[in-house]
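Reviewing the structure listed below.
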Amino acid sequence: MASKPRERAKLVVPGDELGVIEEFFPGENVYEKEGVLYAQCVGYASPNLRSKTVSVKPALGTPKYPREGDIVYGQVMDITDKVATIRIFGLGKKILSGIFTGTLHVSEVSKNYTESVLDAFRPGDIVRARVINVKNRVCQLSTVGKELGAVYALCTKCGGELVLKGRNLVCKVCKNVERRKFAEDYGGARI
Amino acid sequence: MSRAEDKKVIRLISEDGLRVDGRRPDELRPIKLEVGVLEKADGSAYVEYGRTKIMAAVFGPREIHPRHLAISEKAVIRCRYHMAPFSTEQRKSPAPSRREIELSKVIREALEPAVFTEYYPRTSIDIFIEVLQSDGGTRCAGITAASLALADAGIPMKDLVASVAVGKVDGVVVADLCDVEDKYGEADMPVALMPKFGEITLLQMDGNLSQSEFEQALQLAVESCQTIYGKQREALLNRFVQVEV
């Protein structure tokens, strides 16, 4: 469960003193109050004498939420020509405890010109995307890049699973060919 | 009133100075703390103060719904204190009562100063406190449990929060009141404390205390919270002891 503590690493809980500001800079999960450094979370405190910082390595996991640059998994909920709304449920390899909402603008769908988001995605698709901005009310996403795009989609005509055949997505059941911006490992994503 | 008194003479402090459950005035009930008891929650804790049994769960930081509640510079902490229908002598309606709504608010405000909410803007941290069995001091046990659950969820905190009720029964200042003492005693004063800094985050009082009694009670509360804080640390660190040894 817990990783093996490094030498000199001490198990701490929030509020434990780690030193004073004259000794160290506050590193990760460390805060300073009135010149004293304290731990912010349960973990292993390790002072780094070279960089003069003390940081705490969390031992009980850290809160997961999308940050700029993260790769996320989500389901396409609602689509207009210009923008798709995506329910983000996975972050990297982990499933989030709640959902976050993201938007994908038509200009961020792919490297090439896309007329409408509907040419690239359909409601219900599971997509892999990169978070490009979290400063607004919702995360802004991008699927520009080979590794990004739909990883699982269903046929809009019959609901059958779409499979990759050459460069196209084809319905397993009705052989309908669909247009998608899909990731290079379409169908092979595992969360 | 007088008839009830005739029927049952309640002696909260015996002749040798012990309380109804045999404790000394400054003695706490046996306390049991357990961290990480629930699988689905991001953080959880189970707390027993004698016969008071509390389960606390924390979710988040996660997207807040309804969205208009979001604050652009920090996370919103939401708290639900709830008593299970089977937690009391008479079945309690599971609907949130006036008392539960108020306690949810004071518990939230007791925990808020300890959490770095500014790290997670536009999200919510949801705390659920469920009273499984109630024997006095549920709000205090709830705060102790919720603070452990927050730490278990890995949410950055300034300090843990420890909480205990003190009060006066039969003219004696006592710590950690049980249900009988709470009901028939003269005063009840729940206190929550951030033990590292000695900052009080909750202070309520029901009943009457003179100024000197209040000071004595507060001193006792602070000492008791420090004791509980020691057990909280132990409970958090115990999760690793088994792995290391």
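The values are calculated or read from the model by the stated rules, or taken from the named source; none is laboratory data. Remember, predicted model here, so these are calculated numbers, not experimental data. No Cβ is skipped: glycine too gets one built from the backbone with ideal geometry, and neighbour counts run over all protein chains shown.
Contact map, segment B:143-159: first residue outside any helix (DSSP H, G or I), second residue polar (S, T, N, Q), Cβ cut-off under 6 Å, separation 6 or more or different chains; pairs are B:GLY154/A:THR62; B:PRO156/A:GLN40. Taken over segment B:220-245, residues that are within 18 Å of the chain's Cα centre (by Cα) and surrounded by fewer than 20 Cβ atoms within 10 Å (Cβ to Cβ) amount to 7. Of all residues being not in a strand (DSSP E or B) and not charged (D, E, K, R) in segment A:69-89, which is surrounded by the most Cβ atoms within 10 Å (Cβ to Cβ)? Just the residue, please. Step by step, filter segment A:69-89, then rank; the result is A:THR80.
Of all residues in segment A:19-37, at least one satisfies being among the charged types (D, E, K, R), touching a strand residue (DSSP E or B) at 6+ places or on another chain (Cβ under 7 Å) and not assigned by TED's automatic domain parsing to the domain that holds A:SER142. When A:PRO47, A:PRO66, A:PRO14 are checked against the criterion of being outside the structural domain of A:ALA153 (by TED's automatic domain parsing), over 27 Å from B:PHE59 (Cα atoms) and either outside any loop (DSSP other than H, G, I, E, B) or not polar (S, T, N, Q) (or both), a single residue qualifies: A:PRO47. Regarding B:GLY136, is this residue modelled with pLDDT under 95 and either touching a helix residue (DSSP H, G or I) at 6+ places or on another chain (Cβ under 7 Å) or more than 9 Å from chain A (Cβ to nearest Cβ) (or both)? Yes: the conditions hold for B:GLY136.
As for segment B:211-219, it holds no residue that is in contact with a Leu (Cβ under 9 Å, 6 or more places away or on another chain), within 13 Å of another protein chain (Cβ to nearest Cβ) and surrounded by fewer than 24 Cβ atoms within 10 Å (Cβ to Cβ). Does segment A:30-51 hold any residues that are facing chain B (nearest Cβ under 10 Å) and under 17 Å from B:LEU236 (Cα atoms), and which are they? Hits for segment A:30-51 are A:TYR38, A:ALA39, A:GLN40, A:CYS41, A:VAL42, A:GLY43, A:TYR44. Taking every residue in segment B:107-123 that is within 12 Å of another protein chain (Cβ to nearest Cβ) and pairing it with any residue that is among the acidic types (Asp, Glu), at least 6 positions away or on another chain, the pairs with Cβ-Cβ distances below 6 Å are B:ALA114/B:ASP159; B:PRO121/B:GLU73. Inclusion of A:ARG87 among residues that are within 14 Å of chain B (Cβ to nearest Cβ), of a type outside the set (A, V, I, L, M, F, W, C) and under 22 Å from A:GLY188 (Cβ atoms) is warranted.
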